[in-house]
Amino acid sequence: MEAINASISFDKKLYAQDIRGSIAHSAMLAKAGIISAEDVKQIHEGLNTILAEIEDGTFEFSTRLEDIHMNVEARLAELIGPAAGRLHTARSRNDQVATDFRLWVKEELQRVEEALTGLLSAFLKRAEEHADTVMPGFTHLQTAQPVTFGHHLMAYVEMFGRDRSRVRDALERIDECPLGTAALAGTGFPIDRHMTAEALGFREPTRNSIDTVSDRDFALEFMSVASICGMHLSRLAEEIVIWSTPQFGFIRLSDSFSTGSSIMPQKKNPDAAELIRAKTGRINGNLIGLLTVMKGLPLAYSKDMQEDKESVFDAAETLDLMLAAMTGMIGDLQVNADAMAAAAGSGYSTATDLADWLVREAGLPFREAHHVTGRAVALAEERKAQLGDLPLDDLKEINPAITDDVYSVLTVEKSVASRTSFGGTAPERVREQVAYWKDRLSRDV
């Protein structure tokens, strides 16, 4: 029973939040006249002593005392005597753990927001550097149309920008204080929950005592946000793995973010990216695990909810590491612009430009222009040539409306420069979006 019941091995991570909550709670009890000024003085001195003991490694945690709350309370009794027993007036371990855990998750969300801001800044720096660097754009992992590397990087800025906004949304919802809801029904003592909420940095107290102690949707929301962010990191990691292969050769990672082979001396393996890709599965598994724990619980509190913390702690630690590693890789990677440019012209990537020219200059309906372009691509494949290498006479045979002006759109550079619609890949549009995001981050919105 002791082995299955104890949570101190992992919930000791909440020691700082537990002590903060107890200091706020006891101060409120004293102000409300529920405990004496002398009691609260002793309680605060004792709690600060315990905080110092934990942080310097001299505190002895006991599985017999189950959790962080009882370990702290037992040590407080050793230090200050009977006054320690008054600390738990008008609260339960149910609202105590909900408070500790909310505080911890709130602080982790703030860390993730800061890490995402750093990652976005790294992207913006590289996107600005490569606003003109041409590369192939892909659909189905097949060459589709030329884009710029800066534009490709800015796609991830949008993704991680949304992740950052999801973090902020979660922070808004989590910002309610559970302390004082007690076991499930509130308390008959004349407590001031607004005082403790303010002391702990929450916007306001929670509004329903049953809901407060019986749900963990704030933890689920954190892991949902982490899973979506992890998915974005994994997609980027996959591209880094592909781009760094000799077959692509678009980028090169330094030794700081790659490893050698134990047997093949020529190898440079993108292990950091591969591990980011793999660790996403841990975060997803943690989310599904806690969803499964919570899905059948009747109101209010059940001991099943003790299983909430390990999954959240692991997801948080994993995401923090993934964000740090990816930020490092984005700043570190070397771009092979020549390889990107060469690949950008492969696979008849300017075919859409030819079709657009036929619509714009020759007045063909797009479906007919699409058909004409398909014939031109088939001819180029037969000749083992690029579209821009086909003689004008051959193009005229396909459609007499084609003039030599068509060659002005059949280079990858001209193709990229022509995509000037809002949100397009033209270098000027990429620079506009970089400027927009720099301003947005500087205003912290």
**Study point:** Per-region count, the range 395-412, residues of a type outside the set (A, V, I, L, M, F, W, C), surrounded by 15 or more Cβ atoms within 10 Å (Cβ to Cβ) and modelled with pLDDT of 85 or more
**Key:** 1
Point to revise | Checklist (1) open to solvent by 20 Å² or more (accessible area, probe 1.4 Å); (2) at pLDDT 95 or above; (3) in contact with an Asp or Glu (Cβ under 7 Å, 6 or more places away or on another chain) applied to residue 116, failing item | key: (1)
Practice item. Identify the single condition in (1) surrounded by fewer than 22 Cβ atoms within 10 Å (Cβ to Cβ); (2) of a type outside the set (Asp, Glu); (3) at pLDDT below 95 that residue 111 does not satisfy, given that it satisfies every other one. Key: (3)
Review point. Among (1) assigned to a helix (DSSP H, G or I); (2) surrounded by fewer than 20 Cβ atoms within 10 Å (Cβ to Cβ), where does residue 298 come up short?
Key: (1)
Check your understanding: Of 278, 342, which residue is at pLDDT 95 or above, out of contact with any helix residue (DSSP H, G or I) (no Cβ under 8 Å at 6 or more places or on another chain), among the hydrophobic types (A, V, I, L, M, F, W, C) and on the phi < 0 side of the Ramachandran plot?
Key -> 278
Exercise for review: Residue by residue through the range 62-100, note down the ones that are of a type outside the set (Ser, Thr, Tyr) and not in a helix (DSSP H, G or I).
Suggested key: 66, 67, 87, 88, 90, 91
Exercise for review: Report whether or not residue 256 is among the small types (Gly, Ala, Ser) and open to solvent by 70 Å² or more (accessible area, probe 1.4 Å).
Suggested key: yes
Point to revise | Given (1) free of Cβ contacts under 8 Å to residues at least 24 places away in the same chain; (2) under 22 Å from residue 204 (Cβ atoms), index of the condition residue 106 fails | key: (1)
Check your understanding: Right, residue 287: within 29 Å of the chain's Cα centre (by Cα) and either without any contact (Cβ under 8 Å) to a residue 40 or more places away in the chain or assigned to a helix (DSSP H, G or I) (or both) or not?
Key -> yes
Exercise for review: Only residues in the range 432-445 that are of a type in the set (A, V, I, L, M, F, W, C) count as the first member; pair them with residues that are at pLDDT 95 or above and part of a helix (DSSP H, G or I), Cβ under 6 angstrom, at least 6 apart or cross-chain, and list the lot.
Suggested key: 434/124; 434/127; 434/128; 437/124; 437/157
Exercise for review: Please state which one of 216, 252, 207 is in contact with a helix residue (DSSP H, G or I) (Cβ under 8 Å, 6 or more places away or on another chain) and among the basic types (Lys, Arg).
Suggested key: 216
Exercise for review: Kindly list, by first and then second residue, each pair from a residue in the range 238-256 that is within 19 Å of residue 277 (Cα to Cα) and among the small types (Gly, Ala, Ser) to a residue that is outside any loop (DSSP other than H, G, I, E, B) and open to solvent by less than 20 Å² (accessible area, probe 1.4 Å), limited to pairs with Cβ atoms under 7 Å and residues at least 6 apart or on different chains.
Suggested key: 244/251
Review point. Just a yes or no: is a residue in the range 39-61 in a helix (DSSP H, G or I), charged (D, E, K, R), open to solvent by 30 Å² or more (accessible area, probe 1.4 Å) and touching a residue at least 60 places away in the same chain (Cβ under 8 Å)?
Key: no
Check your understanding: Got at least one residue in the range 122-143 being open to solvent by 50 Å² or more (accessible area, probe 1.4 Å), assigned by the TED database to the domain that holds residue 182, touching a residue at least 40 places away in the same chain (Cβ under 8 Å) and of a type in the set (Gly, Ala, Ser)?
Key -> no
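Only one of 151, 194 is under 30 Å from residue 350 (Cβ atoms) and either out of contact with any Cys (no Cβ under 9 Å at 6 or more places or on another chain) or not hydroxyl-bearing (Ser, Thr, Tyr) (or both); which?
151
Any idea which of 324, 342, 380, 355 is farther than 24 Å from residue 135 by Cα and outside any loop (DSSP other than H, G, I, E, B)?
324
The values are calculated or read from the model by the stated rules, or taken from the named source; none is laboratory data. All of these numbers come straight from a predicted model, not from anything done at the bench. Counting neighbours? That spans all protein chains shown, and the Cβs are built from the backbone with ideal geometry, glycine included. Note: accessible area is taken over every heavy atom of the protein model, side chains too, but ligands, DNA and RNA are not part of it. Shrake-Rupley method; radii C 1.70, N 1.55, O 1.52, S 1.80 Å.
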